[in-house]
1. 222 nm [θ] for the chain, helices only, -39500 (n - 2.57) per DSSP H run of 4+, per residue, to 500?
2. Would you work out what percent of the accessible area of the range 18-149, with all protein chains in place, is carbon or sulfur (probe 1.4 Å)?
3. What shape does the range 1-98 take by its C-alpha gyration tensor, where a ≥ b ≥ c are the square roots of the eigenvalues and a/c under 1.5 counts as rounded, a/b above b/c as prolate, and the rest as oblate?
4. Which value, in Å² and to the nearest 10, is the accessible area of residue 77 when all protein chains are kept and the probe is 1.4 Å?
5. In nm, give the distance between the simple-model label positions of residue 178 and residue 194, each being 7 Å from the Cα along the Cα-to-Cβ direction.
6. Keeping every protein chain present and rolling a 1.4 Å probe, give me the accessible area per residue for the range 80-121 in Å².
7. Find the lysine pairs in the range 121-214 meeting two conditions, Cα atoms under 19 Å apart and a separation of 8 or more places or different chains, and report how many there are.
8. With every protein chain kept in the model, how would you rank 181, 135 by accessible area, 1.4 Å probe, largest at the top?
Amino acid sequence: MDEPQPMPRIGDTAPDFTAVTTQGELTFSKWQGDKWVVLFSHPADFTPVCSTELSEFARRSESFARMNTKLIGLSIDSIHSHLAWRENLKQILDVELTYPLIADLDTKVASLYGMIHPGESSTVTVRTVFVIDPKRTIRALVYYPLNVGRNLDEIERLITALQTADANACATPVNWTKGDKVIVPPPKTEQEVAEREGHKEYERFDFYLNKRLL
Ligand code: BEZ
């Protein structure tokens, strides 16, 4: 596990795989269908920070579904451990994990996605999030260490921003949330510079920085 792993990057095609999960064996590309996916890893079952994270993903599963997004988790644990932890979370936190959890005991998927960072731990996956679009392109990566739980508001915001940018050919500024003004792509020609100057619907700061409401 100490060998450097390939790290898929933004813009790469998400590696396909077949894996054992709490919802049976699945092949990622088939399971994904035409949805967005959040593929995330956690360090280990029956650990405190992970329990808060996985239960919160479950509480928000309808919100992710409204964003046309499926969830799938992974750790280097056995299927029996996953199933037992799932039952335990039901009992202690009153939440049902409705998404599949990959039992990646042989580290096949973790290695494909560069989820093991040996400087942090050579035996467990760090807290990774891969946002994958319906064409199976990796659109964003988030990595957190073992001792800091992720911010799911931010993961939802990230997906909303990506989907908004795709649908409206725009970018999103710092701390953007739904309903805020978006960034007009910077001009690439003199003509586009001139068009932006007189544009009534743009909030103009300079030729390269214009915002607009959607
Ligand atoms: C946790 O989820 O609490 C945790 C897991 C692995 C290492 C450290 C913390």
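1. Here the helix-only value at 222 nm equals -9000 deg cm²/dmol.
2. 52 percent
3. Oblate is the answer for the range 1-98, as a/c is 1.5 or above yet b/c matches or exceeds a/b.
4. 30 Å²
5. Label-label distance for residue 178 and residue 194, simple model: 4.0 nm.
6. 46 Å²
7. Close lysine pairs under the 19 Å cut-off: 5.
8. 135, 181
The values are calculated or read from the model by the stated rules, or taken from the named source; none is laboratory data. Since this is a predicted model, take the numbers as computed values, not measurements. Note: ideal-geometry Cβ built from the backbone for every residue, glycine included; neighbour counts use all protein chains shown. Heavy atoms of the whole protein, side chains included, go into the accessibility calculation; ligands, DNA and RNA do not. Shrake-Rupley method; radii C 1.70, N 1.55, O 1.52, S 1.80 Å.
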